[in-house]
Amino acid sequence: MGKLSIRDLDLKAKRLLMRVDFNVPQDNTGKITDDIRIRASLPTIKYALEKGVSKLILMSHLGRPKGVDEKLRLNPIAQRLAELLGEKVLKLDDCVGSKISQQIKEADEKVILLENLRFHKEEEANDVNFSSQLAKLGDLFVNDAFGTAHRAHASTEGITHYLKSAAGFLLDKEIKYLGEALARPVKPFAVILGGAKVSDKIAVIENLLPKAQMILIAGGMAYTFLKAKGVKIGKSILDAERLDFAKDILKRAAEAGKKIILPIDHVAALSLDKPQTARAIDNVNIPDDLIALDIGPASIGVFKKELKNAKTIIWNGPLGVSEVEAFSKGTKEIMEFITTLKATTILGGGDTAAAASKFGVSEKITHISTGGGASLEYMEGKILPGIVALSDK
(Lines give C-alpha, C1' and ligand atoms only; values in the text may rest on other atoms or scores of the structure.)
Protein backbone atom coordinates (compact mmCIF):
# COMPACT_ATOMS: atom_id res chain seq x y z
CA MET A 1 0.00 0.00 0.00
CA GLY A 2 1.40 3.37 -1.00
CA LYS A 3 1.47 6.60 0.96
CA LEU A 4 -0.98 9.46 0.47
CA SER A 5 0.22 12.16 -1.90
CA ILE A 6 -0.84 15.81 -1.81
CA ARG A 7 -2.89 14.98 -4.92
CA ASP A 8 -5.10 12.73 -2.74
CA LEU A 9 -6.07 15.57 -0.38
CA ASP A 10 -9.01 17.95 -0.66
CA LEU A 11 -7.24 21.22 0.08
CA LYS A 12 -10.01 23.71 -0.59
CA ALA A 13 -10.46 26.20 2.27
CA LYS A 14 -8.11 24.13 4.49
CA ARG A 15 -5.18 25.31 6.59
CA LEU A 16 -2.30 23.26 5.22
CA LEU A 17 0.79 22.73 7.33
CA MET A 18 3.79 21.88 5.15
CA ARG A 19 7.23 20.73 6.26
CA VAL A 20 9.80 22.00 3.75
CA ASP A 21 13.59 21.88 3.68
CA PHE A 22 14.78 25.49 3.64
CA ASN A 23 18.12 24.61 5.26
CA VAL A 24 20.05 26.68 2.71
CA PRO A 25 23.66 27.91 2.79
CA GLN A 26 24.22 31.57 3.68
CA ASP A 27 27.26 33.86 3.79
CA ASN A 28 28.39 35.85 6.85
CA THR A 29 25.87 38.61 6.14
CA GLY A 30 22.96 36.15 6.00
CA LYS A 31 22.69 36.32 2.20
CA ILE A 32 21.53 33.04 0.66
CA THR A 33 24.29 31.59 -1.53
CA ASP A 34 22.28 28.73 -3.05
CA ASP A 35 18.47 28.72 -3.19
CA ILE A 36 18.01 25.35 -4.92
CA ARG A 37 16.11 23.90 -1.94
CA ILE A 38 13.66 26.80 -1.90
CA ARG A 39 13.13 26.44 -5.66
CA ALA A 40 12.64 22.68 -5.27
CA SER A 41 9.66 23.24 -2.97
CA LEU A 42 7.86 25.65 -5.32
CA PRO A 43 5.80 23.07 -7.30
CA THR A 44 4.17 21.73 -4.10
CA ILE A 45 3.63 25.24 -2.71
CA LYS A 46 2.08 26.50 -5.96
CA TYR A 47 -0.14 23.41 -6.24
CA ALA A 48 -1.51 23.98 -2.72
CA LEU A 49 -2.28 27.63 -3.53
CA GLU A 50 -3.94 26.69 -6.83
CA LYS A 51 -6.14 24.16 -5.01
CA GLY A 52 -7.50 26.91 -2.78
CA VAL A 53 -5.98 26.42 0.67
CA SER A 54 -7.15 29.08 3.11
CA LYS A 55 -3.64 29.29 4.61
CA LEU A 56 -0.37 27.62 3.71
CA ILE A 57 1.79 27.38 6.84
CA LEU A 58 5.40 26.44 6.07
CA MET A 59 7.82 24.94 8.61
CA SER A 60 11.56 24.43 8.30
CA HIS A 61 14.76 24.22 10.29
CA LEU A 62 17.99 26.08 9.47
CA GLY A 63 21.38 25.01 10.74
CA ARG A 64 21.97 23.54 14.19
CA PRO A 65 21.06 26.28 16.67
CA LYS A 66 21.29 25.75 20.41
CA GLY A 67 18.22 27.77 21.37
CA VAL A 68 17.35 31.06 19.64
CA ASP A 69 20.13 32.24 17.33
CA GLU A 70 19.59 35.60 15.61
CA LYS A 71 21.86 34.54 12.72
CA LEU A 72 19.62 31.55 11.98
CA ARG A 73 16.27 33.29 11.74
CA LEU A 74 14.31 32.52 8.55
CA ASN A 75 13.77 36.16 7.50
CA PRO A 76 16.12 36.04 4.46
CA ILE A 77 14.41 32.81 3.38
CA ALA A 78 10.93 34.37 3.62
CA GLN A 79 12.18 37.25 1.49
CA ARG A 80 13.66 34.94 -1.17
CA LEU A 81 10.54 32.76 -1.20
CA ALA A 82 8.34 35.83 -1.74
CA GLU A 83 10.53 36.86 -4.71
CA LEU A 84 10.35 33.40 -6.26
CA LEU A 85 6.61 33.00 -5.66
CA GLY A 86 5.68 36.55 -6.63
CA GLU A 87 3.46 36.54 -3.56
CA LYS A 88 3.67 38.05 -0.08
CA VAL A 89 5.05 35.76 2.62
CA LEU A 90 4.34 36.51 6.27
CA LYS A 91 7.26 35.47 8.48
CA LEU A 92 6.40 34.86 12.15
CA ASP A 93 8.85 35.11 15.06
CA ASP A 94 8.06 31.73 16.58
CA CYS A 95 6.42 28.45 15.55
CA VAL A 96 4.03 27.57 18.40
CA GLY A 97 1.86 29.28 20.99
CA SER A 98 -1.43 31.20 21.23
CA LYS A 99 0.13 34.38 19.80
CA ILE A 100 1.22 32.47 16.67
CA SER A 101 -2.26 30.89 16.29
CA GLN A 102 -3.79 34.35 16.51
CA GLN A 103 -1.37 35.85 13.96
CA ILE A 104 -2.15 33.03 11.51
CA LYS A 105 -5.90 33.55 12.00
CA GLU A 106 -5.70 37.32 11.42
CA ALA A 107 -3.15 37.26 8.57
CA ASP A 108 -4.15 38.66 5.18
CA GLU A 109 -1.29 36.73 3.59
CA LYS A 110 -1.98 33.18 2.41
CA VAL A 111 1.62 32.02 2.74
CA ILE A 112 3.05 32.02 6.26
CA LEU A 113 6.54 30.89 7.29
CA LEU A 114 7.06 29.85 10.90
CA GLU A 115 10.35 30.58 12.68
CA ASN A 116 13.22 28.07 12.72
CA LEU A 117 11.81 24.90 14.32
CA ARG A 118 15.12 24.06 15.95
CA PHE A 119 14.99 27.14 18.18
CA HIS A 120 12.96 24.70 20.30
CA LYS A 121 14.89 21.65 21.51
CA GLU A 122 11.53 19.80 21.54
CA GLU A 123 11.63 19.65 17.71
CA GLU A 124 14.55 17.20 17.54
CA ALA A 125 13.37 15.41 20.71
CA ASN A 126 10.06 14.69 18.89
CA ASP A 127 8.26 16.03 21.95
CA VAL A 128 4.57 15.07 22.06
CA ASN A 129 3.39 18.44 23.38
CA PHE A 130 5.40 20.37 20.76
CA SER A 131 4.08 18.10 17.97
CA SER A 132 0.48 18.64 19.07
CA GLN A 133 0.98 22.41 19.29
CA LEU A 134 2.31 22.44 15.71
CA ALA A 135 -0.60 20.25 14.58
CA LYS A 136 -3.15 22.67 16.03
CA LEU A 137 -2.06 25.29 13.47
CA GLY A 138 -3.43 23.29 10.52
CA ASP A 139 -6.12 20.93 9.26
CA LEU A 140 -3.87 18.75 7.09
CA PHE A 141 -0.13 18.02 6.94
CA VAL A 142 2.17 17.60 3.95
CA ASN A 143 5.81 16.60 4.24
CA ASP A 144 7.98 17.75 1.36
CA ALA A 145 11.35 17.65 3.17
CA PHE A 146 13.14 14.47 2.14
CA GLY A 147 16.39 15.81 3.60
CA THR A 148 14.95 15.32 7.11
CA ALA A 149 12.82 12.22 6.42
CA HIS A 150 15.40 9.98 8.12
CA ARG A 151 14.91 11.85 11.40
CA ALA A 152 11.92 11.23 13.69
CA HIS A 153 11.37 14.87 14.65
CA ALA A 154 8.21 16.64 15.85
CA SER A 155 7.65 18.32 12.46
CA THR A 156 8.23 15.13 10.42
CA GLU A 157 6.98 12.21 12.52
CA GLY A 158 5.30 13.55 15.67
CA ILE A 159 2.82 15.75 13.85
CA THR A 160 1.46 12.82 11.80
CA HIS A 161 -0.19 11.40 14.93
CA TYR A 162 -2.64 14.33 14.91
CA LEU A 163 -3.31 15.15 11.25
CA LYS A 164 -4.00 13.34 7.99
CA SER A 165 -0.54 13.36 6.40
CA ALA A 166 0.66 13.17 2.80
CA ALA A 167 3.81 13.47 0.74
CA GLY A 168 4.50 16.61 -1.29
CA PHE A 169 5.79 16.33 -4.87
CA LEU A 170 9.46 16.23 -3.86
CA LEU A 171 8.99 13.51 -1.27
CA ASP A 172 6.66 11.61 -3.60
CA LYS A 173 9.35 11.64 -6.30
CA GLU A 174 11.96 10.33 -3.85
CA ILE A 175 9.64 7.48 -2.80
CA LYS A 176 8.93 6.70 -6.44
CA TYR A 177 12.46 6.74 -7.82
CA LEU A 178 14.68 5.73 -4.92
CA GLY A 179 12.10 3.38 -3.41
CA GLU A 180 11.22 1.70 -6.73
CA ALA A 181 14.82 1.45 -7.91
CA LEU A 182 15.87 -0.22 -4.67
CA ALA A 183 12.85 -2.51 -4.36
CA ARG A 184 12.43 -3.50 -8.01
CA PRO A 185 15.39 -2.35 -10.10
CA VAL A 186 15.25 -2.95 -13.85
CA LYS A 187 18.31 -5.10 -14.59
CA PRO A 188 21.20 -4.89 -15.22
CA PHE A 189 21.41 -2.81 -12.04
CA ALA A 190 24.70 -0.97 -11.44
CA VAL A 191 25.75 0.89 -8.31
CA ILE A 192 28.50 3.52 -8.40
CA LEU A 193 30.04 4.34 -5.03
CA GLY A 194 32.62 7.04 -4.35
CA GLY A 195 33.47 9.36 -1.50
CA ALA A 196 36.25 9.14 1.04
CA LYS A 197 35.55 6.36 3.53
CA VAL A 198 34.50 2.74 3.27
CA SER A 199 32.89 2.94 6.72
CA ASP A 200 30.33 5.47 5.40
CA LYS A 201 29.16 2.98 2.77
CA ILE A 202 29.34 -0.39 4.56
CA ALA A 203 25.57 -0.66 5.03
CA VAL A 204 24.94 0.45 1.41
CA ILE A 205 27.28 -2.25 0.07
CA GLU A 206 25.72 -4.87 2.36
CA ASN A 207 22.19 -3.95 1.25
CA LEU A 208 22.88 -3.58 -2.47
CA LEU A 209 25.35 -6.40 -3.16
CA PRO A 210 22.54 -9.02 -3.33
CA LYS A 211 20.44 -6.76 -5.61
CA ALA A 212 23.01 -5.27 -8.02
CA GLN A 213 24.77 -7.01 -10.87
CA MET A 214 27.81 -4.78 -10.41
CA ILE A 215 29.24 -2.27 -7.96
CA LEU A 216 31.79 0.23 -9.28
CA ILE A 217 33.95 1.62 -6.50
CA ALA A 218 36.13 4.73 -6.82
CA GLY A 219 36.95 7.85 -4.80
CA GLY A 220 38.95 7.57 -1.59
CA MET A 221 37.18 4.36 -0.58
CA ALA A 222 38.60 2.45 -3.58
CA TYR A 223 42.12 2.38 -2.15
CA THR A 224 41.06 0.25 0.83
CA PHE A 225 39.64 -2.30 -1.63
CA LEU A 226 42.77 -2.12 -3.80
CA LYS A 227 44.98 -2.58 -0.75
CA ALA A 228 42.84 -5.60 0.19
CA LYS A 229 43.79 -7.06 -3.22
CA GLY A 230 47.48 -6.50 -2.54
CA VAL A 231 47.85 -3.35 -4.67
CA LYS A 232 50.36 -0.68 -3.58
CA ILE A 233 48.39 2.48 -2.79
CA GLY A 234 51.19 4.96 -1.93
CA LYS A 235 49.94 7.74 0.37
CA SER A 236 46.32 7.27 -0.75
CA ILE A 237 43.54 7.28 1.81
CA LEU A 238 43.20 3.98 3.67
CA ASP A 239 40.38 2.89 5.97
CA ALA A 240 42.67 0.40 7.75
CA GLU A 241 39.97 -0.88 10.10
CA ARG A 242 37.83 -1.85 7.07
CA LEU A 243 40.44 -3.94 5.21
CA ASP A 244 38.89 -7.20 6.38
CA PHE A 245 35.43 -5.98 5.35
CA ALA A 246 36.79 -5.09 1.88
CA LYS A 247 38.40 -8.56 1.53
CA ASP A 248 35.14 -10.20 2.62
CA ILE A 249 33.05 -8.20 0.13
CA LEU A 250 35.42 -9.04 -2.75
CA LYS A 251 35.20 -12.73 -1.81
CA ARG A 252 31.40 -12.72 -1.43
CA ALA A 253 30.95 -10.87 -4.73
CA ALA A 254 33.14 -13.40 -6.57
CA GLU A 255 31.21 -16.31 -5.06
CA ALA A 256 27.85 -14.76 -6.03
CA GLY A 257 28.98 -13.92 -9.57
CA LYS A 258 28.70 -10.18 -8.91
CA LYS A 259 31.19 -7.73 -10.38
CA ILE A 260 33.15 -5.32 -8.20
CA ILE A 261 34.88 -2.87 -10.55
CA LEU A 262 37.88 -0.96 -9.16
CA PRO A 263 40.22 1.60 -10.76
CA ILE A 264 43.08 0.16 -12.82
CA ASP A 265 44.97 3.45 -13.17
CA HIS A 266 44.98 6.81 -11.39
CA VAL A 267 45.56 10.52 -11.39
CA ALA A 268 47.89 11.17 -8.45
CA ALA A 269 49.76 14.08 -6.89
CA LEU A 270 52.24 14.79 -4.08
CA SER A 271 49.29 16.07 -2.02
CA LEU A 272 45.76 17.40 -2.44
CA ASP A 273 46.92 21.00 -1.97
CA LYS A 274 49.52 20.61 -4.78
CA PRO A 275 47.29 19.98 -7.81
CA GLN A 276 50.09 21.29 -10.04
CA THR A 277 51.96 18.03 -9.31
CA ALA A 278 49.07 15.92 -10.68
CA ARG A 279 50.02 13.23 -13.17
CA ALA A 280 48.54 10.10 -14.67
CA ILE A 281 49.82 6.78 -13.30
CA ASP A 282 49.23 4.15 -16.00
CA ASN A 283 49.51 1.31 -13.52
CA VAL A 284 47.26 -0.04 -10.78
CA ASN A 285 50.12 0.37 -8.27
CA ILE A 286 50.71 3.89 -6.93
CA PRO A 287 54.26 5.14 -6.18
CA ASP A 288 55.09 5.51 -2.46
CA ASP A 289 55.34 9.32 -2.51
CA LEU A 290 52.00 9.95 -4.30
CA ILE A 291 48.35 10.13 -3.28
CA ALA A 292 45.72 9.02 -5.83
CA LEU A 293 42.96 11.63 -6.17
CA ASP A 294 41.01 10.56 -9.27
CA ILE A 295 40.56 7.58 -11.56
CA GLY A 296 42.78 7.53 -14.66
CA PRO A 297 41.83 7.35 -18.38
CA ALA A 298 41.95 3.52 -18.58
CA SER A 299 39.61 3.27 -15.56
CA ILE A 300 37.22 5.74 -17.20
CA GLY A 301 37.19 3.41 -20.23
CA VAL A 302 36.50 0.34 -18.07
CA PHE A 303 33.71 2.10 -16.14
CA LYS A 304 32.04 3.15 -19.41
CA LYS A 305 32.30 -0.37 -20.85
CA GLU A 306 30.75 -1.91 -17.72
CA LEU A 307 27.95 0.68 -17.49
CA LYS A 308 26.94 0.78 -21.13
CA ASN A 309 24.22 -1.91 -20.88
CA ALA A 310 22.93 -0.96 -17.43
CA LYS A 311 19.21 -0.22 -17.13
CA THR A 312 19.26 1.17 -13.56
CA ILE A 313 22.19 3.16 -12.14
CA ILE A 314 22.36 4.48 -8.59
CA TRP A 315 25.35 6.68 -7.77
CA ASN A 316 26.50 7.99 -4.40
CA GLY A 317 29.83 9.80 -3.95
CA PRO A 318 32.25 11.41 -6.47
CA LEU A 319 34.95 9.31 -8.17
CA GLY A 320 37.72 11.72 -7.21
CA VAL A 321 38.16 15.09 -5.54
CA SER A 322 35.77 16.51 -8.10
CA GLU A 323 35.69 20.06 -6.71
CA VAL A 324 39.37 20.43 -7.74
CA GLU A 325 39.75 20.79 -11.52
CA ALA A 326 42.83 18.52 -11.75
CA PHE A 327 40.96 15.66 -10.07
CA SER A 328 37.48 16.05 -11.58
CA LYS A 329 37.81 14.31 -14.94
CA GLY A 330 36.65 10.85 -13.78
CA THR A 331 33.45 12.12 -12.19
CA LYS A 332 32.75 14.50 -15.09
CA GLU A 333 33.26 11.97 -17.88
CA ILE A 334 31.27 9.18 -16.24
CA MET A 335 28.44 11.58 -15.39
CA GLU A 336 28.27 12.82 -18.96
CA PHE A 337 28.40 9.22 -20.19
CA ILE A 338 25.48 7.90 -18.10
CA THR A 339 23.24 10.69 -19.44
CA THR A 340 23.62 9.12 -22.92
CA LEU A 341 22.32 5.72 -21.79
CA LYS A 342 18.79 4.33 -21.97
CA ALA A 343 18.78 3.84 -18.21
CA THR A 344 17.11 5.17 -15.07
CA THR A 345 19.86 7.23 -13.44
CA ILE A 346 19.60 8.23 -9.79
CA LEU A 347 22.11 10.35 -7.89
CA GLY A 348 22.12 10.29 -4.10
CA GLY A 349 22.32 13.86 -2.78
CA GLY A 350 25.20 15.85 -1.32
CA ASP A 351 28.51 15.95 -3.21
CA THR A 352 27.18 13.85 -6.10
CA ALA A 353 24.34 16.31 -6.73
CA ALA A 354 26.80 19.22 -6.48
CA ALA A 355 29.04 17.56 -9.09
CA ALA A 356 26.09 17.06 -11.48
CA SER A 357 25.24 20.73 -11.12
CA LYS A 358 28.87 21.78 -11.65
CA PHE A 359 29.19 19.68 -14.81
CA GLY A 360 25.84 20.87 -16.19
CA VAL A 361 24.20 17.43 -16.43
CA SER A 362 21.51 17.75 -13.72
CA GLU A 363 18.68 18.13 -16.25
CA LYS A 364 19.66 14.89 -18.00
CA ILE A 365 19.68 12.71 -14.86
CA THR A 366 16.41 10.84 -14.16
CA HIS A 367 16.38 11.76 -10.48
CA ILE A 368 18.70 13.63 -8.14
CA SER A 369 17.90 13.01 -4.51
CA THR A 370 17.53 16.16 -2.40
CA GLY A 371 18.76 14.54 0.82
CA GLY A 372 22.32 13.33 1.33
CA GLY A 373 21.89 11.49 4.64
CA ALA A 374 18.32 10.43 3.88
CA SER A 375 19.16 8.97 0.47
CA LEU A 376 22.11 7.10 1.99
CA GLU A 377 19.86 5.59 4.67
CA TYR A 378 17.30 4.66 2.01
CA MET A 379 20.10 2.91 0.07
CA GLU A 380 21.08 1.12 3.28
CA GLY A 381 17.59 -0.35 3.39
CA LYS A 382 16.63 1.59 6.50
CA ILE A 383 13.09 2.65 7.30
CA LEU A 384 12.74 6.45 7.09
CA PRO A 385 10.43 7.64 9.92
CA GLY A 386 9.25 10.74 8.02
CA ILE A 387 7.95 8.53 5.20
CA VAL A 388 6.60 5.60 7.23
CA ALA A 389 4.59 8.05 9.39
CA LEU A 390 2.56 9.40 6.44
CA SER A 391 -1.03 8.22 6.04
CA ASP A 392 -1.55 5.11 3.89
CA LYS A 393 -3.72 5.36 0.79
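The values are calculated or read from the model by the stated rules, or taken from the named source; none is laboratory data. Note that the structure is a prediction, hence the values are computed from the model and not measured. Here the Cβ is made from the backbone with ideal geometry for all residues, glycine too, and neighbour counts use every protein chain on show. For accessibility, only protein heavy atoms count, side chains too; no ligands or nucleic acids. Shrake-Rupley method; radii C 1.70, N 1.55, O 1.52, S 1.80 Å.
Of all residues in the stretch 34-50, those satisfying the criterion of being closer than 22 Å to LEU134 by Cβ and not hydrophobic (A, V, I, L, M, F, W, C) are ARG37, SER41, THR44, TYR47. Filtering the stretch 91-100 to residues that are crowded, with 18+ Cβ neighbours inside 10 Å and out of contact with any Phe, Trp or Tyr (no Cβ under 8 Å at 6 or more places or on another chain) leaves LYS91, LEU92, ILE100. Residues that are open to solvent by 10 Å² or more (accessible area, probe 1.4 Å), free of Cβ contacts under 8 Å to residues at least 40 places away in the same chain and under 26 Å from the mean Cα position of the chain (by Cα) within the stretch 101-150 comprise HIS120, GLU122, GLU124, ALA125, ASN126, ASP127, listed in sequence order.
Residues in the stretch 42-73 that are within 20 Å of ILE100 (Cβ to Cβ) and out of contact with any helix residue (DSSP H, G or I) (no Cβ under 9 Å at 6 or more places or on another chain) were compared, and the one that is surrounded by the most Cβ atoms within 10 Å (Cβ to Cβ) is VAL53. Counting only residues that are open to solvent by 20 Å² or more (accessible area, probe 1.4 Å), among the acidic types (Asp, Glu) and assigned to a helix (DSSP H, G or I), the stretch 156-179 holds 1 of them. Can you spot a residue in the stretch 326-341 that is among the hydroxyl-bearing types (Ser, Thr, Tyr), closer than 16 Å to TYR177 by Cα and in contact (Cβ under 8 Å) with a residue 40 or more places away in the chain? No. Just so you know, in the stretch 363-387 the residues that are without any contact (Cβ under 8 Å) to a residue 60 or more places away in the chain and more than 14 Å from the chain's Cα centre (by Cα) include one that is least open to solvent (accessible area, probe 1.4 Å), and it is ILE365. Residue count for the stretch 274-299 under the criterion of being of a type outside the set (Val, Ile, Thr) and more than 31 Å from the chain's Cα centre (by Cα): the result is 10. Scanning the stretch 1-37 for residues that are among the hydrophobic types (A, V, I, L, M, F, W, C) and surrounded by fewer than 12 Cβ atoms within 10 Å (Cβ to Cβ), which turns out modelled with the highest pLDDT? Once the filter is applied, the top-ranked residue is ALA13. With respect to the conditions (1) among the β-branched types (Val, Ile, Thr); (2) in contact (Cβ under 8 Å) with a residue 24 or more places away in the chain; (3) not in a strand (DSSP E or B), THR29 lacks only one, and its number is (2). Selection of the stretch 292-309 for residues being of a type in the set (Asp, Glu) and either open to solvent by 60 Å² or more (accessible area, probe 1.4 Å) or in a strand (DSSP E or B) (or both) yields only ASP294. Quick check, is ASN143 polar (S, T, N, Q) and in contact with a His (Cβ under 6 Å, 6 or more places away or on another chain)? Taking the combined requirement at face value, the residue does not satisfy it. Reported count of residues in the stretch 180-211, each being in a helix (DSSP H, G or I) and open to solvent by less than 20 Å² (accessible area, probe 1.4 Å), is 6. The requirement of being in contact with a Lys or Arg (Cβ under 8 Å, 6 or more places away or on another chain) and polar (S, T, N, Q) is fulfilled somewhere in the stretch 10-23, by at least one residue.
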